[in-house]
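Below is one structure, written out as structure tokens, with a few remarks after it.
The values are calculated or read from the model by the stated rules, or taken from the named source; none is laboratory data. On a predicted model such as this, the values are computed, not experimentally measured, just so you know. Cβ placement follows ideal geometry from the backbone for every residue including glycine, while neighbour counts extend to all protein chains displayed.
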Amino acid sequence: MANKKEYGYQIKGSKLSLVEKDFTTTDGLNYVYSGTSGDGITDNIPSGSTVYKSPLTTIADGLEIEYVHIPDYRINDIDDVSTVLNSVIGNDDGFLSLVDSTTTLDFTTLGLAVNDYILLRNAGKWNGLHKISALRTGVIDTTTPNSKASNVAFEETVNMYYNINVLNDENDDIDLPRYLAQALVYYVRARLAEDTMNIEVKEYFMKEFRKMVEKHENAKVAGPRLAMPGRHAIR
């Protein structure tokens, strides 16, 4: 019989991490939850089967997670990616600059221009969007604050996506599912009715808004759907 396992998760931004419930009564999965502080007083640290810890075992199958993060940008073409960036520096203005591995690449050949956005992945704490303030040979100056002036090398091969559409004005398209698109219309109408002090109309549209959001959430629930007839239904 397979050992019982229970998992939990925590979310921070676009990152999701798994934790496993510890069913042991001693040291647990991968670290000890007991000890004393420097003054000899026993630390108030939970132990035993009441805590969640980082899992150690590999789950080949049987564990599935579906997590959707909706960012405020869209990568237009995932093939538009460069891997030449190898370090970052803080320029004299206190902003981040990105350096390529050869310091000879003309980034305008990629179609980049000032005020465009790039997206970094595998770049550690510099992951995410960066807005271009200037382009130099082998260097991309950004508007990202960075107080450190020393050159810091990336630990991994950085993927720089450069064909990015950022939601920044009213002409942008918002990628929303059908139910959420309808819910957004109801929400805007509710706010407009509230501005004119038409509370009855406002409450009607808010009810429709919540109904559409609920339909969207229900659409993501897997499994069979059963409809039970009422007590007065024709049988």
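Would you mind stating whether A219 is surrounded by 13 or more Cβ atoms within 10 Å (Cβ to Cβ), out of contact with any Asp or Glu (no Cβ under 6 Å at 6 or more places or on another chain) and not assigned by TED's automatic domain parsing to the domain that holds D100? Criteria not met by A219. Against the condition over 21 Å from the mean Cα position of the chain (by Cα), part of a loop (DSSP other than H, G, I, E, B) and surrounded by 12 or more Cβ atoms within 10 Å (Cβ to Cβ), how does T142 come out, does it pass? So T142 does not fit the description; no.
Filter region 160-176 down to residues that are over 15 Å from S87 (Cβ atoms) and touching a residue at least 60 places away in the same chain (Cβ under 8 Å) and give me whichever is surrounded by the fewest Cβ atoms within 10 Å (Cβ to Cβ). Out of the qualifying residues, it is D175.
Per-residue answers, yes or no, for (1) in a strand (DSSP E or B); (2) under 19 Å from the mean Cα position of the chain (by Cα); (3) farther than 30 Å from P177 by Cβ:
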| residue | (1), (2), (3) |
| --- | --- |
| I78 | no, yes, no |
| T104 | no, no, yes |
| T109 | no, no, yes |
| A113 | no, no, yes |
| K125 | no, yes, yes |
| I132 | yes, no, yes |
| E155 | no, no, yes |
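Kindly list the number of the only condition in (1) under 21 Å from L105 (Cβ atoms); (2) surrounded by 13 or more Cβ atoms within 10 Å (Cβ to Cβ) that fails for T137. So T137 meets the others, but not (2).
Scan region 178-200 for residues that are surrounded by fewer than 15 Cβ atoms within 10 Å (Cβ to Cβ) and of a type outside the set (D, E, K, R) and jot them down. Scanning region 178-200 gives A181, V185, V188, L192, T196, M197, N198, I199. From the list K125, K131, the lone residue that is closer than 24 Å to K15 by Cα, of a type in the set (K, R) and either buried (at least 18 other Cβ atoms within 10 Å of the Cβ) or modelled with pLDDT of 85 or more (or both) is K131. When you look at F154, is it over 21 Å from G128 (Cα atoms), buried (at least 16 other Cβ atoms within 10 Å of the Cβ) and of a type in the set (F, W, Y), yes or no? Spelling it out, it is not the case that F154 is over 21 Å from G128 (Cα atoms), buried (at least 16 other Cβ atoms within 10 Å of the Cβ) and of a type in the set (F, W, Y). Among the residues of region 145-202, the ones that are modelled with pLDDT of 90 or more, out of contact with any strand residue (DSSP E or B) (no Cβ under 9 Å at 6 or more places or on another chain) and aromatic (F, W, Y) come to 2 in all.
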